[in-house]
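Working notes for the structure below.
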Amino acid sequence: MTTHQLDPVIRAISAASHVSRNAAAEVDRLADLMKDDRSPVTVADLAVQVAVTAALRDANVEDADRIVGEEGADSLDQGGTVMIEQVMRLSSIALESAGLGHCAPSTEATLRELLDAGGLDPQQEGRERFWCLDPIDGTKGFLRRQQFAIALGLVEGDTPICGVLGCPHLPLETVADYGMADPLGSIYLGIVGEGAFAGSADATSVEGLAPTAVSPTPPEGRVRVCLSYERAHGDQDRTSAALEATGVSTSPIRIDSQCKYAMVASGRADLYLRLARQGYREKSWDHAGGCAVVRAAGGVVESATGQPLRIEGRWVDAPGGIVVRTPAVDAVPVSN
């Protein structure tokens with residue numbers, strides 16, 4: 001896949017970033033309208049998935065007729081008519097902002113069909129190449145109006161080969177507090193074997209992005225470690241033990257979502273540990289896009305056992321957890 005072929009993908013994620021910023025700003029209004037504090041993120045999830053799917057289809061992006069998506073049409077039924085109206089409104093705003101108003105859903109049937117297109121099971125349907133989409137990765141960050149990501153990845157076999165991360169509130173430059181929202185946001189593209197690129201979340205083509213890469217060495221010898229903003233996410237005891245076992249000095253960066261992958265890919269972090277609690281099974285849309293971006297930027301994404309991270313349809317094969325690091329950081333010893 002060439003960079004020119006990815007222009008429609010960049011436009012789709014840019015449009016989705018635009019509408020998700022709007023939705024984040026409307027959290028209180030949507031919650032009040034729908035009488036449910038969690039409904040705003042559901043509306044945003046659905047609207048972004050609809051907009052991205054419609055944009056990819058309109059551009060005839062290869063392998064995008066059906067995708068591995070987090071959401072399905074059944075989610076519409078939680079909020080009835082109001083939910084449907086709001087999802088149609090926000091997805092239309094997104095597509096119009098990208099000059100794609102003509103492919104916005106105009107009926108409930110079309111809306112449901114676009115969402116159902118996200119129900120692909122590559123293993124059952126024999127797909128060797130497929131797109132994975134997490135429309136709003138980082139629910140808590142979205143609801144706090146802080147960091148969340150729109151993550152799209154292209155998988156070939158079991159390997160992420162291309163990824164796009166829309167980070168609507170993440171600044172391009174280093175700041176003291178990554179929990180704060182940047183009104184411009186950023187977008188990251190990675191094509192394994194060709195490189196990684198970054199730019200404003202409003203970029204509409206690959207030409208609007210500049211090359212980016214992982215850091216060649218931790219500054220002043222301190223490894224900058226991305227950790228979940230929500231301490232309840234992951235196994236904190238195993239994470240602390242793994243960091244202590246490295247024997248190096250670390251500086252924690254607490255941040256939500258696949259923005260952590262973007263931090264490593266853009267040279268602002270050196271390590272990201274995702275050590276889930278026992279029994280939790282990682283979903284492909286939570287990692288495919290970020291994995292491709294980091295690998296394209298020169299980083300390493302592997303399981304806790306040191307094997308390259310593999311995507312198995314709608315799931316991730318990562319025994320013991322996921323380690324994202326730069327080549328300057330040694331393999332992290334992780335206990336079971």
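At a glance:
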| read-out | value |
| --- | --- |
| Positive minus negative residues near Pro308 (Lys, Arg vs Asp, Glu; Cβ under 14 Å) | -2 |
| Estimated dipole of the chain in Debye, rounded to 20 [Cβ of Lys and Arg +1, of Asp and Glu -1, Cα centre] | 780 debye |
| Two-site FRET efficiency, His102 against Glu207, from Cβ-Cβ distance with R₀ of 25 Å, rounded to 0.05 | 0.55 |
| Part-to-part distance (alpha-carbon centres) for segment 27-75 and segment 79-109, which is given in Å | 9 Å |
| Listed residue (Ala54, Ser17, Phe130) projecting farthest to the positive dipole end of the chain, Cβ model | Ser17 |
| Least to most buried among Asp28, Asp317, Asp134 (fewest other Cβ within 10 Å first) | Asp28, Asp317, Asp134 |
| At most 15 other Cβ within 10 Å, DSSP loop - trypsin sites (Lys or Arg not before Pro), segment 230-336 | Arg231, Arg277, Arg281 |
| The chain, helix-only ellipticity at 222 nm - DSSP H runs n ≥ 4, -39,500 (n - 2.57), divided by all residues, nearest 500 | -10000 deg cm²/dmol |
| For segment 232-336, size of Cβ-based charge dipole, Lys and Arg +1, Asp and Glu -1, in debye | 240 debye |
| Loop-located GluC sites (Glu not before Pro) in segment 188-257 whose Cβ has at most 16 other Cβ within 10 Å (DSSP) | Glu194, Glu230 |
| Extension gain, Ser240 back to Ala331 (0.36 nm per residue minus Cα-Cα distance, nm) | 31.2 nm |
| Cα long-axis angle, helix 80-97 against the chain (0 to 90 degrees, to the nearest 10) | 70 degrees |
| Charge sum, other residues only, whose C-beta stays under 14 Å from Ala203's C-beta, Lys/Arg counted +1 and Asp/Glu -1 | -2 |
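Taken together, the values in this text are just the output of simple stated rules run on the coordinates, not laboratory data. Just so we're clear, the structure is a prediction, and the values are computed from it rather than from any experiment. Cβ atoms come from the backbone with ideal geometry, glycine included; neighbour counts cover every protein chain shown.
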